[in-house]
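The values are calculated or read from the model by the stated rules, or taken from the named source; none is laboratory data. All values reported here derive from a predicted model rather than from experimental measurement. Heads up, the Cβs are rebuilt from the backbone with ideal geometry, glycines too, and the neighbour counts pull from every protein chain shown.
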């Protein structure tokens, strides 16, 4: 898969305890992105933050939170990101979703020595 130089970055800010049925929401979002053939996704776990409710979520022992901030980042073409977002948006009940234009400098992978083929 190749990405054009002009891409789109989707960031979804949610809580670690957010769910989609019995599955963690961040995991479900990544699996949906993979199923739709998006270029890639990364999940980042924050050590501190707050959102619309202004409650502090932190990893500090004296205030250990079970709902740390999670950011799901996905980069692909704007059209692909918008199709994906249309399919998952109703499952994001709380949080923040942002889109921004990005310049794709490189999108590479190494061919595994055992297969000699690019990943699908």
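State all residues of the stretch 10-29 that are closer than 20 Å to residue 79 by Cβ and either part of a helix (DSSP H, G or I) or out of contact with any helix residue (DSSP H, G or I) (no Cβ under 8 Å at 6 or more places or on another chain) (or both); if no residue qualifies, say none.
Listed by number, the residues that qualify are 11, 29.
Conditions (1) surrounded by 15 or more Cβ atoms within 10 Å (Cβ to Cβ); (2) touching a strand residue (DSSP E or B) at 6+ places or on another chain (Cβ under 8 Å); (3) modelled with pLDDT under 95, marked per residue:
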position: 74; (1), (2), (3): yes, yes, no
position: 86; (1), (2), (3): no, no, no
position: 92; (1), (2), (3): yes, yes, no
position: 100; (1), (2), (3): no, yes, no
position: 105; (1), (2), (3): no, no, yes
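Regarding residue 7, is this residue over 13 Å from the mean Cα position of the chain (by Cα) and not in a loop (DSSP other than H, G, I, E, B)?
In short, yes.
Which condition number in (1) crowded, with 17+ Cβ neighbours inside 10 Å; (2) at pLDDT 95 or above; (3) in contact with a strand residue (DSSP E or B) (Cβ under 7 Å, 6 or more places away or on another chain); (4) farther than 15 Å from residue 95 by Cα is the one that residue 80 fails?
(3)
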